[in-house]
Amino acid sequence: GAITLKEAIAHALMNSPSLKVFSLETRIADARRLQAGLRPNPELTFEVEDFAGSGDLSGFDASQTTIGIGQVLELAGKREKRVAAAAAEEKLAQLDYEAKRLDVMNQVTQAFIDVLAAQEQRDLAKDLVQLAEKVQEVVRQRVEAGKDSPVEQAKAEVALSSARITLRAAQERLASARQILATAWGGETPRFETAKGDLYKVQVVPGFEQLAGRIPESPAIERWVANEQARRADLTLQKARVTPDLGVNGGLRYAAEGDDTAFVLGLAVPLQVSDRNQAGVQEASVRLAQARENTKAAVLDARTSLSGATEQATSALAEVTALREEILPSAQNTLAAVEEGYRQGKFDYLNLLDAQRTYFDAQQQYLNALTTYHKARTDIELLLGRSIDTAEQDQ
């Protein structure tokens, strides 16, 4: 049956393959955060000395056996900093998912608008065919009455054929638009008959400056801010890794020769002669600087895109208003007057054909302007991460 925009979006959010990929990424990031919080495992050591040699050491009588446990002690708060870095990456993955979720919603909305427009264009083409059929009948009657030349009837038949071709093209565009909408949620074929929505409903779009203040709060920008925080956390972790970890081990030693036992204690301190994690710190510093620039670039890009989308929506709305209130009523009245005048013999067929073409061209322009308006409005809401109405209320 009929499908609404909310139903289409809900279906896409549940079934979109690309969105599921980002959902799995958040689970991967969660697993990495859990792994980052684990301490190093202890080591069990077993060592036998002074056996199978020569002389008094030829057997096991003089051997010494040591059983011990070793543990790496992380210094400089590495574990806490590792968890903080992993948590920052997890937040980044969550924001990536949210940004992709909004992108999927935008794609579905754009495809839904195309289906609505294609349905209206098909209906307009049907009206054109019906009008061409009606005109052809009028022309036929006038030719039979000797009021018009048979050439006029041939022209009417050509116009009717052209209108039918236009209808077939509109039907094909509608079929393609329906398929694209179904693909947005991973469907192979459309499982709906029609899209239900009001393409003709428009309202004023707030100005650029009023909307631009909401850009920093959008998920797309928050994603880059989170990326900057993740790079800062990684730099902190890399600096902590400059401090070496201590290796502590202890155990029990058994001397076979005297049947004696003793405790053994050891401490291992890495000597940072060459590797002091210089490259790790340098890379993390550069990545942090890169993240800062990416954030600035993302804000500038968002402002540029918002300016273009706002201008496009405003321009399309002005065109819609002019067509709805002035041009379409005038073209419709002109067509009706020419049709009546043609029946009375005041106008020839070319006048009628021109009036007919003018009216349907204006209708097509009206549908195109409505489509442009709704798509631009959708782009604005993608950039803001919320509906325009909500952004206005918050302001």
Cβ charges +1 (Lys, Arg) and -1 (Asp, Glu), total dipole of region 84-160, debye: 300 debye
On Cα atoms only, tilt of 17-36 relative to the major axis of the chain in degrees: 20 degrees
Helix axis angle, 78-144 relative to the chain longest principal axis, alpha carbon, degrees: 10 degrees
Kirkwood hydrodynamic radius of region 147-305, from inverse mean 1/r over distinct Cα pairs, in Å: 25.1 Å
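Relative contact order for the chain: what is it in percent, counting Cα pairs under 8 Å that are at least 6 residues apart? Walk me through the numbers before you get to the answer.
Numbers: 509 pairs, mean separation 91.4, N = 395.
So the answer I get is 23 percent.
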Heavy-atom accessible area per residue - the chain, 1.4 Å, Å²: 56 Å²
Mean separation of Cα contacts under 8 Å, 6 or more apart, over the residue count of region 26-138: relative contact order %: 26 percent
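Stretched out fully, how many nm does the piece from residue 149 to residue 20 gain, at 0.36 nm a residue minus the Cα gap?
Full-extension gain reported as 39.8 nm.
Go through 312-322, 377-387, 202-212 and give me the packing order, highest mean Cβ count within 10 Å leading.
Details: 312-322: 17.5, 377-387: 21.2, 202-212: 15.3.
Put in order of decreasing packing, that is 377-387, 312-322, 202-212.
Can you compute the equivalent ellipsoid semi-axes for region 63-189, i.e. the square root of 5 times each eigenvalue of the Cα gyration tensor, sorted largest first and rounded to whole Å?
Working: eigenvalues 1163, 38, 13 Å².
Ellipsoid half-lengths, sorted descending, are 76, 14, 8 Å.
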Given charges at Cβ of Lys, Arg, Asp, Glu: the chain dipole, positive-most of 358, 88, 244: 358
List 372, 189, ordered by accessible area with a 1.4 Å probe, largest first: 189, 372
Cross-link pairs 6/91; 201/375; 126/147; 20/375; 20/100; 6/375 - those with Cα-Cα distance over 19 Å: 6/91; 126/147; 20/375
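Counting only protein heavy atoms, what percent of the accessible surface of region 14-167 is carbon or sulfur at a 1.4 Å probe? Write down the numbers at each step before the final one.
Details: 4720 of 8720 Å².
Looking at region 14-167 in its full context, I get 54 percent from C and S.
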Sequence-separation-based contact order of region 71-193, relative, with Cα cut under 8 Å and 6+ spacing, percent: 29 percent
222 nm mean residue ellipticity, helices alone, for the chain (DSSP H n ≥ 4; -39,500 (n - 2.57); rounded to 500): -23500 deg cm²/dmol
Calculated over region 12-112: convex hull of Cα atoms, volume per residue (Å³): 144 Å³
Straight-distance crosslink candidates among aspartates and glutamates, where the alpha carbon sits under 17 Å from residue 196 and sequence neighbours closer than 8 are dropped: 7, 114, 120, 123
Region 210-276: C-alpha gyration tensor shape, a/c 1.5 cut-off, then a/b vs b/c: prolate
Calculated P(r) tail over 39 Å for the chain, as whole % of Cα pairs: 51 percent
Estimated inter-spin distance, residue 348 and residue 204, nm [label 7 Å along Cα→Cβ]: 4.9 nm
Whole-percent pair-distance distribution, where bins are 10 Å wide, for the alpha carbons of region 323-395: 19, 28, 20, 15, 11, 6, 0
Linear extension gain, residue 2 paired with residue 255, 0.36 nm per residue minus alpha-carbon span: 82.3 nm
Selection from 288, 162, 35, by position along the positive dipole direction of the chain (Cβ): 162
Nearest-ten-degree value, helix 5-15 long axis tilted from longest Cα axis of the chain: 30 degrees
Total charge dipole magnitude, the chain, about the Cα centre, Cβ charges on Lys, Arg, Asp, Glu only, Debye to nearest 20: 1100 debye
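The values are calculated or read from the model by the stated rules, or taken from the named source; none is laboratory data. All values derive from a computational prediction rather than experimental measurement. Cβ atoms come from the backbone with ideal geometry, glycine included; neighbour counts cover every protein chain shown. Each accessible area value is taken on the protein alone, full model and side chains, heavy atoms only, with ligands, DNA and RNA left out. Shrake-Rupley method; radii C 1.70, N 1.55, O 1.52, S 1.80 Å.
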